[in-house]
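The values are calculated or read from the model by the stated rules, or taken from the named source; none is laboratory data. Keep in mind the model is a prediction, meaning the values are calculated, not measured. Positions of Cβ are backbone-derived with ideal geometry, glycine not excepted, and every protein chain shown enters the neighbour counts. SASA here: full protein model, heavy atoms, side chains in, ligands and nucleic acids out. Shrake-Rupley method; radii C 1.70, N 1.55, O 1.52, S 1.80 Å.
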Amino acid sequence: MTLADTLQLSFKAIMSYRTRSLLIVLAMSLGVAAVIVLTALGDGARRYVVNQFSSIGTNLLVVLPGRAETSGSFPGAVLGQTPRDLTLKDAELVGRIPQVKRYAPLNVGVAELSAANRLREVTVLGGNANLIPIRHMQLAQGSFLTHGSAHSAQIVLGAKLANEFFPRSPAIGQRVRLNENRFLVSGVLVPQGETMGFNTDEVVIIPINHAQSLFNTTSLFRILVETNNRSEIQVAQQAILDVLKESHDGEEDTTVITQDAILATFDRILHALTLAVAGIAAISLIVAGILIMNVMLVAVSQRTAEIGLLKAIGANATDIRRLFFVEALWLSLAGAVIGFVLGQFGSLILRLAYPQVPAWAPLWAILAGIIIAILTGVLASLLPANRAARLDPVKALGKK
């Protein structure tokens, strides 16, 4: 039996059982599509997180109170101790380190913003003049702590807040209240949307001393540090730890996190998650392979007379095996191609629904889905093909 005969006969056999073949192809294609869509979502989430961190620069260090060990917690907490707070004095000491280009003490809280007969709850960032450039935010109008004392009651509004509170007049120079404290609007941020977990269009920025007064605290939430260049990150990290240890009476009670460490952690977690969901989706391909095997085993009993006739006219066991092998290959290839198209369409829907997430399936996932689909189909054909090849032609022709 020639290859052309095998291809022709196998295709006719598939088309003669259209409903059965359609169900097999559908099961296989849904499995491939699931692998592509889920890996696109997982890899898109990973790249989204990486892009978010990259958007705030590559020379960033974050100083946190408490010594984070490998367990991820402050060891003194077990003994009922609390980490020493970071203070403005600590921030000033960090700012004197030669490798530090600029620093920004940071406090974060929530307060009620009121002005022009409007009232709403907003996220408040307390910092110095360096907070805006370190966080890679930009001012559309005005300034922040550049004209006047660092103790002046200035406030910068997010773009959405400025439009919401002052839709018909310039926001610069207007008076607003945060809880019971009065502030003068000195700047408005450029619209940036959501970044690093909060919407910058809906935040306000005030001087750090006013933030501490507003939230009734003398401690800092974080200290953001930008080094002169990327090559000095490790040196700056150790220098910050040394300076703060000396300031805290020899206690190593602070943690300095590099942006690379944060990125690497998120990348590992999300990559593992992508592999996990891809593995779960791949199980459906194995199920589809089992479906092919079961259906083809039934087909052997249904086509006993046909197999007997083929053997009677000269087809050998190898030809019969090849025939069933090619049938499974047709079904697997059709399922893989249709699954690829469905997967790409599903990924497109994700990108349209969530434009900020680059939901593109990685090449390895696409190839893995297609290859697994073909392999499971082919392997599932081995048992039915062997059973068909062992049929005795005389007995097979005698069956109806």
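Numerical summary
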| item | result |
| --- | --- |
| Answer residue from region 254-266, given it is at pLDDT 85 or above and farther than 16 Å from E92 by Cα and is farthest from the chain's Cα centre (by Cα) among those | T255 |
| Verdict on A361 being surrounded by fewer than 19 Cβ atoms within 10 Å (Cβ to Cβ) and either at pLDDT below 80 or within 27 Å of A278 (Cα to Cα) (or both) | no |
| Hits in region 210-243 - residues which are under 17 Å from A261 (Cα atoms), surrounded by 15 or more Cβ atoms within 10 Å (Cβ to Cβ) and polar (S, T, N, Q) | T227, Q237 |
| Region 63-92 - residue that is in a helix (DSSP H, G or I), among the aliphatic types (A, V, I, L, M) and open to solvent by 40 Å² or more (accessible area, probe 1.4 Å) and, of those, modelled with the highest pLDDT | L88 |
| Neighbours by Cβ (under 7 Å, 6+ apart or cross-chain): first from region 121-145, free of Cβ contacts under 8 Å to residues at least 40 places away in the same chain and surrounded by fewer than 22 Cβ atoms within 10 Å (Cβ to Cβ); second part of a loop (DSSP other than H, G, I, E, B) and aliphatic (A, V, I, L, M) | A129/L145 |
| Neighbours by Cβ (under 9 Å, 6+ apart or cross-chain): first from region 335-353, over 24 Å from L22 (Cα atoms); second open to solvent by 20 Å² or more (accessible area, probe 1.4 Å) and of a type outside the set (F, W, Y) | I349/V37; L350/V37; L350/L41; L350/V357; R351/V357; R351/P358 |
| So N209, is it of a type outside the set (A, V, I, L, M, F, W, C) and more than 31 Å from the chain's Cα centre (by Cα) | yes |
| For S186: the one exception among (1) out of contact with any Phe, Trp or Tyr (no Cβ under 8 Å at 6 or more places or on another chain); (2) at pLDDT 90 or above | (1) |
| Top-ranked residue in region 244-271 [being open to solvent by less than 60 Å² (accessible area, probe 1.4 Å) and in contact with a Lys or Arg (Cβ under 8 Å, 6 or more places away or on another chain); ranked as nearest to N51 (Cα to Cα)] | D267 |
| Region 7-23 residues that are within 16 Å of I338 (Cβ to Cβ) and modelled with pLDDT of 70 or more, paired with ones that are aromatic (F, W, Y) and surrounded by 13 or more Cβ atoms within 10 Å (Cβ to Cβ) (beta carbon under 8 Å, 6 or more apart) | I14/W330 |
| Of all residues making up region 200-234, the number that are closer than 16 Å to V100 by Cα and free of Cβ contacts under 8 Å to residues at least 60 places away in the same chain | 2 |
| Residue match in region 11-20 (condition: within 28 Å of the chain's Cα centre (by Cα), among the aromatic types (F, W, Y) and part of a helix (DSSP H, G or I)) | no |
| Residue among L178, L214, L189, L220 that is touching a helix residue (DSSP H, G or I) at 6+ places or on another chain (Cβ under 7 Å) and closer than 16 Å to A111 by Cα | L178 |
| Evaluation of V176 against (1) assigned to a loop (DSSP other than H, G, I, E, B); (2) in contact (Cβ under 8 Å) with a residue 40 or more places away in the chain (one fails), failing number | (1) |
| Filter result for H151 (modelled with pLDDT under 90, closer than 20 Å to G109 by Cβ and outside any strand (DSSP E or B)) | yes |
| Where P98 falls short, out of the listed (1) more than 25 Å from L64 (Cα to Cα); (2) open to solvent by 60 Å² or more (accessible area, probe 1.4 Å); (3) at pLDDT 90 or above | (1) |
| Residue that is modelled with the lowest pLDDT, among those in region 222-253 that are hydrophobic (A, V, I, L, M, F, W, C) and in contact with a strand residue (DSSP E or B) (Cβ under 7 Å, 6 or more places away or on another chain) | I233 |
